1. Label point 7 Å out from Asp146 along Cα-to-Cβ: which residues of region 259-286 have amide N under 17 Å?
2. How compact and how long is region 1-71, expressed as Rg and Dmax of its alpha-carbon atoms in Å?
3. Which percent of Cα pairs goes in each bin when the distances of region 252-311 are cut into 10 angstrom slices starting at zero?
4. What's the magnitude of the charge dipole for the chain around its Cα centre, counting Lys and Arg as +1 and Asp and Glu as -1 at the beta-carbon? Answer in Debye, nearest 20.
5. Would you kindly give the portion of the calculated P(r) for region 114-222 that falls above 21 Å, as a percent of all Cα pairs?
6. Share of Cα-Cα pairs in region 222-268 beyond 16 Å, in percent?
7. Which residue, Ala341, Ala283, Ala310, tops the fluctuation ranking in a GNM of the chain built on C-alpha contacts under 10 Å?
8. For Leu262 paired with Lys123, estimate the spin-label separation in nm (one decimal), with each label point 7 Å from Cα along the Cα-to-Cβ line.
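Every read-out reported here was derived from the displayed coordinates using simple, explicitly stated rules and does not represent laboratory data. Because the structure is predicted, anything quoted here is derived from the model rather than measured. Positions of Cβ are backbone-derived with ideal geometry, glycine not excepted, and every protein chain shown enters the neighbour counts.
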Amino acid sequence: MTGDLSRKKLMPAVYDLANRGLLPPGFSLVGFARRDWEDQDFAQVVHDAVREHARTPFREEVWQQLAEGMRFIPGDFDDDTAFEQLRSAVEELDASRGTSGNYAFYLSVPPKFFPKVVQQLKKHKLADAPEGSWRRAVIEKPFGHDLRSAEDLNAIVHEVFDPEQVFRIDHYLGKETVQNLLALRFANQMFEPIWNRSYVDHVQITMAEDIGIGGRAGYYDGIGAARDVIQNHLLQLMALTAMEEPAAFDAPSLLTEKLKVLKAVRLPQDLGRNTVRGQYAAAWQGGTKVRGYLEEDGIDQASTTDTYAAIRLQVDNRRWAGVPFYLRTGKRLGRRVTEIAVVFQRAPHSPSTPPRPRSWAPTRSSSASSRTRA
Ligand SMILES: NC(=O)c1ccc[n+]([C@@H]2O[C@H](COP(=O)([O-])OP(=O)(O)OC[C@H]3O[C@@H](n4cnc5c(N)ncnc54)[C@H](OP(=O)(O)O)[C@@H]3O)[C@@H](O)[C@H]2O)c1
């Protein structure tokens, strides 16, 4: 827990929670990675990350309380001794700071190590919760790279943790605008009656970035836009847009409704006609000349990784049958935007369009004929 994500997002988020009074006073943070650090080196890195990226103001007393509970265990994920030291460290914290044996393991580590780390937690009895305490495992993306590998990883994780102990994190879903989707849909009377195939022509869900891959070649190449964004973020947005109203706004109810709608999603038969993949080339962006994907540092000249991906999906249920959902994402696009466009059908008659010539035979406006094609 010393990497890029930890410094930019996780450490600042822990501090922000503490600053808002949302963490218990004994909360403790234990880092585990290969670099040869002492506790105070780790605390210094967290301090700098908090100073640079936290959203709430820096308060010395909040920081001091957090810093007292910071420990660092240097070690490789193969190193049994290091995991024994980790166990001793958390047990010591239980005793000295009253953490009551409640541990959340945040796997902010390269994905290839997810299986190894959960197995080490089990082997060193860190995953077993004594009566009255809890264990949680937070797992970063990508969760596998295809169905088979995701199922294999799931099996390994569930040998160690029960389903309700596992949190497959999608930072995207924490964004306020994503949360607001639920309020927009279900706290309003206005949208629900027209949120269906009788009024909606199609839905476009877009996450466009104007940046390239930057220094993330190692992560991105071989993964690409479809795996990085569509299969997680955009499918989640699609589920929130298309699902039925959940019985409550709690995790099991949301999961039930999301699952129902995802099960109704049909992959197009003809993938060639219903998907697009692309790679950005060198060009001018504003006044700046930017490199193409294949010229980026660390990218293989023969790479076929997609930096743009789009797919047309159908949701085969009563509410959405026949309404295409277009999901698309890409890097180095014209502008940065994340958007869900619910495009309604054309009005059957608009006073602003010129009257039809008299000789025209009257046509009935059915929902099918008034649809515009995207
Ligand atoms: N960065 C992002 O914006 C982002 C966004 C979404 C999801 N994610 C996911 O979040 C996770 C972490 O990403 P990241 O960008 O922070 O990765 P990273 O910068 O490569 O950090 C990986 C961490 O794992 C440690 N590590 C690597 N190999 C190890 C080993 N053999 N034994 C012990 N520790 C080891 C590294 O520390 P040492 O080098 O000191 O060992 C470091 O603390 C990944 O699963 C990634 O896919 C990242």
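1. 271-272
2. Rg, Dmax (Cα atoms, Å): 11.1, 32.
3. Percent of Cα pairs in each bin: 18, 27, 25, 20, 11.
4. Working: 49 positive and 48 negative charges, 548 e Å.
With only Lys, Arg, Asp and Glu charged at Cβ, the dipole is about 2640 debye.
5. Values: 3594 of 5886 pairs.
Of all Cα-Cα distances in region 114-222, 61 percent exceed 21 Å.
6. Numbers: 459 of 1081 pairs.
Roughly 42 percent, rounded to a whole number.
7. Its mean-square fluctuation being the largest, the pick is Ala283.
8. In this crude spin-label approximation the distance works out to 3.1 nm.
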